[in-house]
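Where a number appears in this text, it was derived from the coordinates with a stated rule and is not lab data. As the structure is a computational prediction, the values presented were derived from the model and not from experiment. Here the Cβ positions follow ideal geometry from the backbone for every residue, glycine too, while neighbour counts run over all protein chains shown.
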Amino acid sequence: MNYANQACWSDVEPNEIIKRVSDITLEIRAMDAVRSPDWKPEIIAGGFAGHCVNNNDQQDAWIITSNENYGTIRIRKNKRGVWKDKLGNRYFLSDKPVKKYDFNF
């Protein structure tokens, strides 16, 4: 796995693994994500002001690139097997970077 994606409630932010410090500690760095011009949210009336009907179809919605200007942070795997940073933010490891923005909020 080369990526540690941050789970932010219904959003997901991509991070790349920079260094494997140990079996339970990783250094990661945030990545840039820009919405692809080929993907547009389809908003219909409903919800708070609108409802995005293609919200869960964002696999090709983002162009994700590395950015060496961002600092690194450490995440650790706890006893329950969950990766977290020192602020308690959760991460899941993946073979690809993932970005998801919840357009319904």
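Among W39, W62, which comes first, then next, by fewest other beta-carbon atoms within 10 Å? So the ranking, lowest neighbour count to highest, is W39, W62.
Using a Förster radius of 25 Å, what is the FRET efficiency between I43 and S10 based on their Cβ-Cβ separation? Nearest 0.05, please. The computed FRET efficiency comes out at 0.95. Think of each Lys and Arg Cβ as +1 and each Asp and Glu Cβ as -1; about the Cα centre, that makes the dipole of the chain roughly 700 debye. Taking 0.36 nm per residue of sequence separation and removing the Cα-Cα distance, the F105/R35 pair yields an extension gain of 23.5 nm. Ranking Q58, W83, A30 by Cα position along the charge dipole of the chain, where only Lys, Arg, Asp and Glu carry charges on their C-beta atoms, puts W83 farthest toward the positive end.
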